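What follows is a short report on a single structure.
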DNA sequence: TTATACTTTCAAAATTTTTTGAAACATATT
DNA sequence: AATATGTTTCAAAAAATTTTGAAAGTATAA
């Protein structure tokens, strides 16, 4: 397989994965492209390689920057801005976990807390049928959340070697 | 807060979370509704409570059954089918992890393996810039995958107590 | 066998999400 | 100050996804 073909396949696969997980396909494709580029790329480079418009590049690169996955790079003597992705994959992984937790999971934890304050008679089967799963979700969510929080602060080798040792 | 209001809020929040994570909003809403219902519900019940069409209910319930999160319940004497959600939240969590791994993560692992066979000179910076992140992703993915596989087979208390002890 | 009760399918419609591209904006150069 | 180079915005268009609803399908009862 040619390098270019392999890059294309990877960009494609990353894009598909992104969209299946609720992240804009183009955003993850740009991320993939920058991830495997030896040099930082300009908006024009990205436009050309992915065959997308300037506005699309601009918006999605901004989102990637907001997510902390991509950085502007200024080349001395050049007026253009260039973009480079964070190459430390463990950092990338932690950053994605951190952001999704903050943006999407935390609001749900808030709502769970909120609705678990519902008034009702503990003997009412309707009430019990509601409160039980809510409490169970809260319990698992808070445990999972602690694990994720640890993960977002941990060193890769420590985290996995600890984990894999324990779970064996 | 009234029970009905709390249910609605929960259904709403679960639907939003689902769509943010790439799962059909209605599918997760139906799941939420069944999760907090004391009794199994018929297609008509779901149509009424969520104000959606019969076709929509049918398709999304089928998907939930495919995911292993919902089951048909036949009430003696009734011609209608009723539906009930798996109420053991740990099982639900494991099932979702298992299915997404199988449907969405596994194909990507295949592609990573595929593209990592790319030919190239190990001294070529372009080649190195490609192969390094791919290998790093493979390494983290395979470690994460082992953890997830363990999770899908584990008992809740064992899994989290082990985990939280270790990560402290 | 025919009628009734319910479920499934799927093309078309509605909705949501993404993308475009041109105008406005910003900054550097002549 | 005028021009050139590059970036950002956002309303409109395009594309993708979801939903509808009526017709076809299936099974039970009369």
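The values are calculated or read from the model by the stated rules, or taken from the named source; none is laboratory data. As the structure is a computational prediction, the values presented were derived from the model and not from experiment. Quick reminder, even Gly has a Cβ in these numbers, built from the backbone with ideal geometry, and neighbours come from all protein chains shown.
The table for this structure:
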read-out: Residue match in segment B:82-97 (condition: within 9 Å of another protein chain (Cβ to nearest Cβ), in contact with a strand residue (DSSP E or B) (Cβ under 7 Å, 6 or more places away or on another chain) and not in a helix (DSSP H, G or I)); value: yes
read-out: Test for residue A:120: is it within 11 Å of DNA strand D (Cβ to nearest atom) and farther than 22 Å from residue B:21 by Cβ; value: no
read-out: Residue list for segment A:117-158, filter: part of a helix (DSSP H, G or I) and over 26 Å from residue B:91 (Cβ atoms); value: A:152, A:153, A:156, A:157, A:158
read-out: Pairs, first in the same structural domain as residue A:142 (by TED's automatic domain parsing) in segment A:98-122, second modelled with pLDDT under 95 and outside any helix (DSSP H, G or I), C-beta under 6 Å, six or more apart; value: A:118/B:1
read-out: Scope segment A:26-44; condition within 14 Å of residue B:108 (Cβ to Cβ) and surrounded by fewer than 17 Cβ atoms within 10 Å (Cβ to Cβ); matching residues; value: none
read-out: Failed condition for residue A:13, given (1) away from DNA strand C (no atom under 11 Å from the Cβ); (2) over 20 Å from residue B:137 (Cα atoms); (3) crowded, with 16+ Cβ neighbours inside 10 Å; value: (2)
read-out: Unique match (being near DNA strand D (Cβ under 10 Å from one of its atoms) and part of a helix (DSSP H, G or I)) among B:57, B:11; value: B:57
